[in-house]
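To start, the structure under review is shown below, and the notes come after it.
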Amino acid sequence: MKRIEAKHLLGLENISTQDIETIIDVGFTFREVLERPVKKVPALNGKNIVNLFFENSTRTKISFELAEKRLSADVTNFSASSSSVKKGESLRDTIQNIHVMKMDCVVMRHPIPGSCLQLSNYVDVPIVNAGDGTHEHPTQALLDMMSIKEKFGKIKGLNIGIVGDILHSRVALSNIFGLIKLGANVKLCAPPHLLQRHIEDYGVSITYDVDELIDWADAVNVLRIQRERMGVGLIPSIREYRKFFGITSERLSRHKKEIVIMHPGPINRGVEIDSQVADGDQAIILDQVLNGVAVRMSVLYLLLGSNDFD
Ligand code: CP
């Protein structure tokens, strides 16, 4: 049985390259399970997993729940909007109350960066970060890297572009940490005010010209404009953003070579990406979603599993 060193999945910055490779490899094994007529294995039979979502989610929430059920775990869902958080209860009290109910693992999405690390100080079970504010979204990056590996057969040496609102994006940060560890070349493209200062220190390069990015890249991960995290006025207009940074079908058709298009969702069609591109042959967006279930099964199995599966 394969193992990882990590006790939690808080992010990809502080996890070993070997652990990332193992999670992706085991993800491919679970991808094969998802193609079977019976898409379920007894790997986490008897384990209780609680999904704590303090922030909205479609893909990640459904994907974790499905992954847990496919592994035969017992699943409890918590949504902050219908909980005692609304009455002023602290994160610590919420977690400690849930913990004494004998949960074996906590999956958490929270708007505050570092909240998953904080949670790991309160409870002694594996914590999986499902997105902590603008910090990290490790399982999204793992599913992105698994999808790149599925498409190209490798990650090392590939040119991977990331375009969009990098500043507010936990997806960008986790992808940067993971891709650099696995030997990819990473280039970022965004308006200057939507990029962190000194982000080159992480080993990435920068361009402000999306056509240059497309010429350089084997694959481009397109990020949305996070209007909920930014104040008003950071983008002069959606039309101007689309003109300079949008992945439009007209722009792609001007480039000779075909690149792979990725998007973590949710998509703002007609803003950062055209519908024809998102739904076209170059896009692997729905493969990313399927790989998300497989890679989350892998993470939970490697953190919690004691039973072998076949
Ligand atoms: N990609 C992603 O995190 O989507 P959700 O916000 O819908 O979970």
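The values are calculated or read from the model by the stated rules, or taken from the named source; none is laboratory data. Keep in mind it's a predicted model, so treat the numbers as computed, not measured. No Cβ is skipped: glycine too gets one built from the backbone with ideal geometry, and neighbour counts run over all protein chains shown. Ligands, DNA and RNA are excluded from the accessible area calculation, which covers all protein heavy atoms including side chains. Shrake-Rupley method; radii C 1.70, N 1.55, O 1.52, S 1.80 Å.
Picking from E68, E32, which residue would you name as being of a type outside the set (G, A, S), open to solvent by 70 Å² or more (accessible area, probe 1.4 Å) and at pLDDT 95 or above?
From the options E68, E32, the qualifying one is E32.
Determine which member of the set D124, D144, D132 is acidic (D, E) and modelled with pLDDT under 95.
Criteria check complete, one pass: D124.
Considering only residues that are of a type in the set (V, I, T) and part of a loop (DSSP other than H, G, I, E, B), which ones fall in region 94-113?
If the condition is that a residue be of a type in the set (V, I, T) and part of a loop (DSSP other than H, G, I, E, B), then V100, I112 are the ones that fit.
Which condition does I4 not pass, out of (1) in a loop (DSSP other than H, G, I, E, B); (2) of a type in the set (A, V, I, L, M); (3) open to solvent by 40 Å² or more (accessible area, probe 1.4 Å), if it passes all the others?
Every condition holds for I4 apart from (3).
Just a yes or no: is a residue in region 112-127 away from the ligand (no atom under 16 Å from the Cβ), assigned by TED's automatic domain parsing to the domain that holds A184, of a type outside the set (K, R) and open to solvent by 20 Å² or more (accessible area, probe 1.4 Å)?
No.
Tell me yes or no: at least one residue of region 280-298 is away from the ligand (no atom under 16 Å from the Cβ), farther than 21 Å from P191 by Cα, under 18 Å from the mean Cα position of the chain (by Cα) and assigned by TED's automatic domain parsing to the domain that holds L34.
Checked region 280-298: at least one residue is away from the ligand (no atom under 16 Å from the Cβ), farther than 21 Å from P191 by Cα, under 18 Å from the mean Cα position of the chain (by Cα) and assigned by TED's automatic domain parsing to the domain that holds L34.
Please go through region 38-66 and give me each residue that is in contact (Cβ under 8 Å) with a residue 24 or more places away in the chain and within 13 Å of the ligand (Cβ to nearest atom), ordered by number.
If the condition is that a residue be in contact (Cβ under 8 Å) with a residue 24 or more places away in the chain and within 13 Å of the ligand (Cβ to nearest atom), then N51, F53, F54, E55, S57, T58, R59, T60, K61, S63, F64, L66 are the ones that fit.
Quick one: which residue in E250, E272 is surrounded by fewer than 18 Cβ atoms within 10 Å (Cβ to Cβ) and over 15 Å from the mean Cα position of the chain (by Cα)?
None of the other options fit; the residue is E250.
Six or more apart or on different chains, Cβ atoms under 9 Å: show the pairs whose first residue is in region 93-110 and closer than 25 Å to H135 by Cα and whose second is at pLDDT below 85 and among the small types (G, A, S).
Short answer, once both residue conditions are applied: D93/S84; T94/A80; T94/S83; T94/S84; H110/A80.
Go over the candidates I176, I162, I180 one by one and state the one that is over 17 Å from I261 (Cβ atoms) and open to solvent by less than 10 Å² (accessible area, probe 1.4 Å).
Answer to the selection: I176.
From N14, N51, N56, which residue is more than 19 Å from D144 (Cβ to Cβ), open to solvent by 70 Å² or more (accessible area, probe 1.4 Å) and of a type in the set (S, T, N, Q)?
N56
Got a sec? Which of S72, S84 is over 16 Å from the mean Cα position of the chain (by Cα), within 16 Å of V295 (Cα to Cα) and of a type in the set (S, T, N, Q)?
Going through S72, S84 in turn, just one is over 16 Å from the mean Cα position of the chain (by Cα), within 16 Å of V295 (Cα to Cα) and of a type in the set (S, T, N, Q): S72.
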